[in-house]
Amino acid sequence: MTDLIQTVTDGFTSRFDASPAGLWSAPGRVNLIGEHTDYNDGFVFPFAINRRTLVGLRLRGDRLLRVASSFATETVELSLDELTPENLAGWSAYPLGVAWALGEFGADLAVVPGFDVFIDSDVPIGAGLSSSAAIESAVAVALNDLWDLGLDRRVLARVGQLAENRAVGAPTGIMDQSASLLGEADSAVFLDCRTLEAEVIPLGFDAAGLELLIIDTRVSHAHSTGGYASRRASCELGARMLGVTSLRDLTVDDLGPASDVLDDETFRRVRHVVTENQRVQDTVRTLREQGPTAIGALLDASHLSMRDDFEISVPELDLAVETARGAGSIGARMTGGGFGGAAIALTPSDLIPAVTAAVTAAFAARGFAVPDLFVVRAADGAARQQ
Ligand code: ADP
Ligand code: MG
């Protein structure tokens, strides 16, 4: 964080020839369990991580918006009078989209002053840790403060989601922004995607000597967008054939009768979502009753369900999971949308070097690309930094 404070302060000064009025930061996130449940009105359980995006921001005396990032050489400029989703493109659609979306949630964009913002981040981009929610949430808390909007964090999460849906054009849910804004150290956010109720649940990883290892396979498949769309379509078909609004309305007891109604493939897609919802709730209950060393089996079961029922894993993710488990991780699963991306492995701290070495060696032996392994800790959500 000290490094980011320096680069943002220096970057702001060199681009805008002035000092920022303040610094705000927001974290990326990882989803501990609950995959492809969000768009089925179900449960997810992400946490904010110790990788953050930092923004320096200052209000202007006129209506101009200027955004710059260490990530890009250009400084993007736009008047508040031209701030519509249609006028936004590229990376600046994330910060400027948030300014626009605040207008949809009560900010009077006809009267607020313009701003200069400079952005830097140590959240890896495109690795499934949601650098997009980090940038949105950091800008949202900054403008909420300086425009004096008084919006609460649950509303700011919806602001970030709206920016991503309308200004960026990505049809994402509210999980990432909720984790980035509501997260707390050594805790995860139990989010009900139907009611948007969110509860912060202590993880107790620190006291148990556990760490979460990210294994970024660096695989990204061209068919991931199509795969996502077809899985969504299967879920909608399953719900329609079973006469429910969404798969959230089913429990594991409904699966027996469902297998008589659905074709085999649709049934397996449905079974993943229904059992995954149950696993998220079981994870929360297990954490409360037994502590984190008891959740490993739920992570393992989640992976098998995605591999065999939802069919969104790839050989690299399976190898990462199997090798990590063999080398001492207590539970492991792929995380994110699938068809590539990262796996997570809940691992005793003293075994992190051994698991890292084993996964690296196994990837080399199979001729896979070198994976990127690093530990993340559950961290506090968005905050004013200075
Ligand atoms: P992720 O999984 O990291 O969220 P996305 O594709 O959803 O991947 O979002 C990544 C995009 O967000 C980048 O391509 C860029 O447009 C924008 N972005 C993220 N972080 C920054 C940053 N620090 N500066 C500028 N743009 C950023
Ligand atoms: Mg994203």
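The values are calculated or read from the model by the stated rules, or taken from the named source; none is laboratory data. Quick caveat, the model's predicted, so the values are computed rather than measured. No Cβ is skipped: glycine too gets one built from the backbone with ideal geometry, and neighbour counts run over all protein chains shown. Each accessible area value is taken on the protein alone, full model and side chains, heavy atoms only, with ligands, DNA and RNA left out. Shrake-Rupley method; radii C 1.70, N 1.55, O 1.52, S 1.80 Å.
Data for the structure
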| read-out | value |
| --- | --- |
| Selected residue [open to solvent by less than 10 Å² (accessible area, probe 1.4 Å) and touching a Phe, Trp or Tyr at 6+ places or on another chain (Cβ under 8 Å)] from 140, 134, 179, 198 | 179 |
| Count of segment 86-113 residues which are of a type outside the set (Val, Ile, Thr), crowded, with 19+ Cβ neighbours inside 10 Å and more than 22 Å from the chain's Cα centre (by Cα) | 2 |
| Test set (1) within 16 Å of ligand 2 (Cβ to nearest atom); (2) not assigned by TED's automatic domain parsing to the domain that holds residue 92 - residue 217 fails condition number | (1) |
| Residue that is within 14 Å of ligand 1 (Cβ to nearest atom) and open to solvent by 30 Å² or more (accessible area, probe 1.4 Å), where the choices are 150, 126 | 126 |
| Scope segment 19-65; condition within 30 Å of residue 79 (Cα to Cα) and open to solvent by 20 Å² or more (accessible area, probe 1.4 Å); matching residues | 19, 20, 21, 52, 58, 59, 60, 61, 62, 63, 64 |
| Among (1) at pLDDT below 95; (2) open to solvent by 50 Å² or more (accessible area, probe 1.4 Å); (3) within 30 Å of residue 25 (Cα to Cα), the one test that residue 170 misses | (2) |
| Residue 308 being of a type outside the set (Gly, Ala, Ser), farther than 10 Å from residue 215 by Cβ, open to solvent by 30 Å² or more (accessible area, probe 1.4 Å) and not assigned by TED's automatic domain parsing to the domain that holds residue 48 | yes |
| Count - residues of segment 354-376 that are under 26 Å from the mean Cα position of the chain (by Cα) and more than 14 Å from residue 322 (Cα to Cα) | 9 |
| Residue 204 vs. criteria closer than 13 Å to residue 46 by Cβ and open to solvent by less than 50 Å² (accessible area, probe 1.4 Å) | no |
| Inter-residue pairs, beta-carbon under 6 Å, first without any contact (Cβ under 8 Å) to a residue 60 or more places away in the chain and more than 9 Å from ligand 2 (Cβ to nearest atom) and in segment 163-178, second open to solvent by less than 30 Å² (accessible area, probe 1.4 Å) and among the hydroxyl-bearing types (Ser, Thr, Tyr), 6+ apart | 177/137 |
| Matching option when the condition is assigned by TED's automatic domain parsing to the domain that holds residue 28, among the small types (Gly, Ala, Ser) and touching a helix residue (DSSP H, G or I) at 6+ places or on another chain (Cβ under 7 Å), among 130, 69 | 130 |
| Inter-residue pairs, beta-carbon under 6 Å, first closer than 14 Å to residue 216 by Cα and in segment 352-372, second open to solvent by 60 Å² or more (accessible area, probe 1.4 Å), 6+ apart | 369/218 |
| Qualifying residue in segment 376-383 (condition: over 25 Å from residue 181 (Cα atoms) and either assigned by TED's automatic domain parsing to the domain that holds residue 36 or touching a residue at least 24 places away in the same chain (Cβ under 8 Å) (or both)) | no |
